[in-house]
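Student: For reference, the structure I am asking about is given below.
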Amino acid sequence: MKILHFISPSDIGDNYTTIYASTLVESMKSVAEVMLINANTQPGTTYKKQAEEFAPEIVHIHTCWDMSSAQMAKWAHSHNMPVVLSPHGKLEPWIVDERYLHEKLPKLLLYQHEMICNADAIVVTGDMELQALNTLSWNERLKNKRPWNDRLCVIKNAITSNDISIQQMAEQTLRLYRKVIDSNAGMLMSNEAREAENGLLRAGIARSANSNTITPEQTEIIRNLDSESWRKLLIHAADEDVLHLIKKGVQNMQFIAPDIVIENIDRFAQRLPKSKGQLEREKVADKTMRADFKSWEEYHSPSVEMDFCRMMANTQYEMRRATLSLRHLAEIYEQMRYTDMDEELVASILKDTRLYDFAQQLQETLAQRLGLTEGFMPLPQK
């Protein structure tokens, strides 16, 4: 695990924050790669450059209200690195109220609210700070019914409390990092793990196992996956509702995968979970599109071509809602690959329902991701 701790310029002189961050870094060095940086770097370099060279798996930002902290958080997310935020009491009501109109409100509007909402976890040191984060709002007189960020974790501060040792504080923080990483497994997957997932998914969909199901390159990648890559792959497969297909692919190709019970892994709830279950093929979910299918459904008998086009309509619907799962793409691929369809009829229905261009684009996606070849494409390549 590679962890980057970041302190903003306004907190470098704050003994409390600096000692806390430095203590965490020292106590984690024996079990993880750790680095502590701040925005006041040496001439000729930047804190973002330092962070990029270190290439952390997770970024822990200490305190808030400084623009550099928000910039660091945004930079981390743009590089697929989850962010843990420790406000260190700086979001307590009396701190927020201080110079609220002239300082805190403009900062909230510009960056602080976004930073709080988007943090992958927020560390608080006690019940008082937890209550403050749960009720934090634009107006202290109007408490929110829901917190801006519900990924709050209480870890007492060993620097100021005798209730916890430095080692315990470090262990609890490392467990939180593990929880954050497992909650963002898909974002943190390596290119090799993604390619392995594509190959195993294709092998799991295949009607028969043979050496040509996946490429030799994918076979080599899968055999060389380490335990952490397997962990992320299997968690992501569960989130995308294709874990059963991945396990079938492992079995079909006689690979050896770690036995991980996903339900036993401590994770945060997904903020935008993917739709589970099979893609609907008997009715169109989008009410505005049902009229486009009405004449076809009234004057044509049920057919695999109509089912396929409804699946395509529902794929577009799920994609627009950002809930489309990998399972749905796998079902479209399976339909194209293993179901005999009248390609002219499919093209006519898709044109009448204004789905033709979308279907062509999706067809290309399946070619890139799952190796769908031209001979199984119902539409001309775009």
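The values are calculated or read from the model by the stated rules, or taken from the named source; none is laboratory data. All of these numbers come straight from a predicted model, not from anything done at the bench. When we count neighbours, we look across all protein chains shown, and the Cβ atoms used for this are built from the backbone with ideal geometry, even at glycine. These accessible areas exclude ligands, DNA and RNA; they are computed on the full protein's heavy atoms, side chains included. Shrake-Rupley method; radii C 1.70, N 1.55, O 1.52, S 1.80 Å.
Student: For the chain, give the percent of accessible area contributed by carbon and sulfur heavy atoms, probe 1.4 Å, rounded to a whole number.
Tutor: 48 percent
Student: When Cα extents along the principal axes in Å is calculated directly from the model, which label among (i) 74, 49, 43; (ii) 86, 49, 44; (iii) 65, 41, 39 fits?
Tutor: Recomputing Cα extents along the principal axes in Å here picks out (i).
Student: Among His236, Cys153, Leu362, which residue has its Cα positioned farthest towards the positive end of the charge dipole of the chain, with +1 placed on the Cβ of Lys and Arg, -1 on the Cβ of Asp and Glu, and the dipole taken about the Cα centre?
Tutor: Towards the positive end, the residue furthest out is Cys153.
Student: For the pairs Lys29/Lys49; Lys74/Lys248; Lys74/Lys247, note any where the Cα-Cα span goes beyond 29 Å.
Tutor: Lys74/Lys248; Lys74/Lys247
Student: About the Cα centre of region 52-121, how large is the charge dipole given +1 on each Lys and Arg Cβ and -1 on each Asp and Glu Cβ? Please answer in debye to the nearest 20.
Tutor: 200 debye
Student: Going by alpha carbons, how many degrees (0 to 90, nearest 10) lie between the helix axis of 287-299 and the longest principal axis of the chain?
Tutor: Tilt relative to the chain: about 10 degrees.
Student: Sticking with this one: What do you get for Rg/Rh over region 167-286 if you use C-alpha atoms and the Kirkwood form of Rh?
Tutor: Using Cα coordinates only, the ratio equals 1.04.
Student: What is the pair-distance distribution P(r) of region 240-382, computed from all Cα-Cα distances in 10 Å bins starting at 0, with each bin given as a whole percent?
Tutor: Calculated P(r), rounded to whole percents: 10, 37, 32, 15, 6, 0.
Student: Would you grab the residues whose amide H sits under 5 Å from the one on Val34? Only those 5+ places off in sequence or on another chain, please, with H modelled 1.01 Å from N.
Tutor: Ile3
Student: On to the next question. Tell me the net charge near Lys179. Cut-off is 11 Å between Cβ atoms, Lys179 excluded, with +1 for each Lys or Arg and -1 for each Asp or Glu.
Tutor: Taking every Cβ under 11 Å from that of Lys179, the sum is +1.
Student: Which loop trypsin sites (Lys or Arg not before Pro) in region 164-221, with loop taken from DSSP, have no more than 14 other Cβ atoms within 10 angstrom of their Cβ?
Tutor: Answer in residue order: Arg207.
Student: Express the relative contact order of the chain as a whole percentage, based on alpha carbon pairs under 8 Å and six or more residues apart in sequence.
Tutor: 10 percent
Student: Which of the trypsin sites (Lys or Arg not before Pro) found in region 328-366 are in a DSSP loop and have at most 13 neighbouring Cβ atoms, other than their own, within 10 Å?
Tutor: Arg354
Student: Report the full-extension gain for the segment Ala55 to His102: residue separation times 0.36 nm, less the Cα-Cα distance, to one decimal in nm.
Tutor: The span from Ala55 to His102 would gain 13.2 nm if fully extended.
Student: What is the dipole size for the chain, taken about its Cα centre, with +1 at each Lys and Arg Cβ and -1 at each Asp and Glu Cβ, in debye to the nearest 20?
Tutor: 580 debye
Student: Right, another one. Lys/Arg Cβ at +1, Asp/Glu Cβ at -1, dipole of region 218-312 taken about the Cα centre: which of Val284, His300, Thr219 is farthest positive-ward?
Tutor: Value: Val284.
Student: Continuing with the same structure: As a test of reading the structure, rank Phe376, Phe268 by solvent-accessible area (1.4 Å probe, protein chains only), most first.
Tutor: Correct descending sequence by accessible area is Phe376, Phe268.
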